[in-house]
Amino acid sequence: MAKKEEQGPSMIETFQEFKETKNIDRTTLVSVLEESFRNVIAKIFGSDENFDVIVNPDKGDFEIHRNRIVVANGEVQDENKEISLKDAQKIEPDYEIGEEVSEEVNFSKFGRRAILNLRQTLASKILELEHDSLYNKYKDRVGQVMSAEVYQVWKREVLLVDDEGNELHLPKSEQIPADNYRKGETVKAVILRVDNENNNPRIILSRTAPVFLERLLEAEVPEIIDGLITIRRVARMPGDRAKVAVESYDDRIDPVGACVGVKGSRVHGIVRELCNENIDVINYSNNVQLFIQRALSPAKVSSITIDEENHKAEVYLQPEEVSLAIGRGGMNIKLASMLTEYTIDVFRVVGEGEADEDIYLDEFSDEIDQWVIDAIKAIGLDTAKAVLNAPREMLIEKADLEEETVDNVLAVLKAEFEQ
């Protein structure tokens, strides 16, 4: 075997260390080492075709042999592939013209530059293998929940590490607003995606993705894993509230009751994990009207008009139900829209005693700025009664108007019908 010159074994040992931590198989290890040696040999001699490289990572050593053909003295044309008879006979006196001479090469004699080149090539290959190993480990785990340790907390993201020390990223956008992270603590999240730009894998975790809540429910509700209950839709306002639509193909099973558990026992742990995010579980339905009605719970809907082509729904409610349908900060109606995938507009049911006459908004241009009228018309409200029947919160949010502006518009319109 080759003398264990300082440069050689230290590189092999480095690779052995890498092998142990990254679980690189022996075949790959030998292949990468051999390729690294051959790259350097090819740069020095112009070709590595006539070299044998034998790597033994288990023992931590290697051999390099150069094979040359014996030619007559003075007829050497390629010093890398040919050797003169007299030089060959210095190695072994019985060599003859036409025979092949195999000579062991001491890598350290190639010089400092060659050794540095080998180190750099090897380091590059190791990094490439490390990236491949990390990418392959996580690419098929997207959508799975995992626990990782907080390593560093930054303003825009939290850096975590898994059991093998691999870096995982939890961006600010994927954190629940009430989350508070401390170095060394364990965090549970779902593997959202694996970016692999320029073969540099970056594992992105999420605690706000709907699939995170879905996986947490699967872990708590055996009927989901058994296939008796299916989670059809999930909508979340992370850390505040969520709606989950579930369905069972077995009439004997109440999917909502099974998911919530006795006195909420099955969702309690999930609610705590999600920073007290309230979870509404409802029955899914293929009937769009019924599904929207359930999604707006706890409000009781009087009637619904569906525009399937544009995925819009006009929902009519008694005045006392409107605030329940919209919810605090418009949260309930937002979640219902996300869950049903329909744009939902809420209207108050007009009482029998109210006047039948209506007035187009454009007729109020002398009292209301035209840009305000245009903003209200842009959300589908063209008449005074349509605006008065619409919830104040919807006008503020959907028309993107200031509260003072909306209150002024409502006052002008009310005054018209009070005259």
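First check a/c for the range 310-419, with a ≥ b ≥ c the square roots of the eigenvalues of its C-alpha gyration tensor; if it is under 1.5, answer rounded, and if not, answer prolate when a/b is larger than b/c or oblate otherwise.
Note, shape of the range 310-419 comes out prolate.
Per DSSP helix of 4 or more residues, -39500 (n - 2.57); summed, then divided by the residues of the chain. What does that give at 222 nm, rounded to the nearest 500? Please report the intermediate quantities before stating the final value.
On the way: 15 runs with 164 residues, N = 419.
Computed mean residue ellipticity for the chain: -12000 deg cm²/dmol.
Once you sort the root eigenvalues of the Cα gyration tensor of the range 238-300 as a ≥ b ≥ c, which label holds: rounded (a/c under 1.5), prolate (a/b larger than b/c) or oblate (the other case)? Write down the numbers at each step before the final one.
Numbers: a/c = 2.48, a/b = 1.32, b/c = 1.88.
It is oblate, given that a/c is not under 1.5 and a/b is not larger than b/c.
Ordered by residue, what ³J(HN,Hα) values in Hz, to whole numbers, does the range 165-171 give under the Karplus form 6.51 cos²θ - 1.76 cosθ + 1.60, where θ = phi - 60° and Gly and Pro are x?
Along the range 165-171, the couplings run x, 6, 7, 10, 10, 10, x Hz.
Using just the Cα positions, wrap the chain in a convex hull and report its mean projected area in square nanometres, one decimal place.
34.6 nm²
Using each residue's phi in the range 129-140, evaluate 6.51 cos²θ - 1.76 cosθ + 1.60 at θ = phi - 60° and report the 3J(HN,Hα) Karplus result to the nearest Hz, with x for Gly and Pro.
Working through the residues one at a time gives 5, 4, 5, 4, 4, 5, 4, 5, 5, 9, 4, 8 Hz.
Could you work out how far the C-alpha centroid of the range 153-211 sits from that of the range 293-312, in angstrom?
If you average the Cα positions of each part, the centres end up 37 Å apart.
Using θ = phi - 60° and the Karplus relation 6.51 cos²θ - 1.76 cosθ + 1.60, list the HN-Hα couplings for the range 388-401 in order, rounded to whole Hz, with x at every Gly or Pro.
Using θ = phi - 60°, the values come out as 5, 7, 7, x, 4, 4, 5, 5, 5, 7, 6, 7, 6, 10 Hz.
Run through the range 326-419 and list the GluC sites (Glu not before Pro) located in a DSSP loop whose Cβ has at most 12 other Cβ atoms within 10 Å. Intermediate values should be presented prior to the final figure.
Numbers: sites: Glu341, Glu352, Glu354, Glu357, Glu363, Glu367, Glu393, Glu397, Glu402, Glu403, Glu404, Glu416, Glu418; in loops: Glu341, Glu352, Glu354, Glu357, Glu367, Glu402.
Here the GluC sites (Glu not before Pro) that fit, given the DSSP loop and packing criteria, are Glu341, Glu352, Glu354, Glu357, Glu402.
Ignoring everything but the protein chains, give the 1.4 Å probe accessible area of Asp94 in square angstrom, nearest 10.
Solvent-accessible area, nearest 10 Å²: 110 Å².
Angle check, please: helix 403-418 long axis (alpha carbons) against the longest principal axis of the chain (alpha carbons), in degrees 0 to 90, nearest 10.
Taking Cα atoms only, the helix is inclined about 30 degrees.
Given H placed on each backbone N at 1.01 Å, which residues far from Val105 in sequence or on other chains put an amide H within less than 5 Å of it?
Ile64, His65, Arg66
Given charges of +1 on the Cβ of Lys and Arg and -1 on the Cβ of Asp and Glu, with all other atoms neutral, how large is the dipole of the chain about its Cα centre, in debye to the nearest 20? Could you put the intermediate results ahead of the total?
Numbers: 51 positive and 83 negative charges, 345 e Å.
About 1660 debye.
Go ahead and run the numbers for FRET between Val349 and Glu273, Cβ-Cβ distance against an R0 of 41 Å, rounding to 0.05.
My answer for the efficiency is 0.55.
The values are calculated or read from the model by the stated rules, or taken from the named source; none is laboratory data. Please read these numbers as outputs of a predicted model, since none were measured by experiment. Positions of Cβ are generated from backbone atoms using ideal geometry, with glycine treated the same way; all protein chains shown enter the neighbour counts. To get the accessible areas, we keep the full protein, side chains included, count just its heavy atoms, and leave off ligands, DNA and RNA. Shrake-Rupley method; radii C 1.70, N 1.55, O 1.52, S 1.80 Å.
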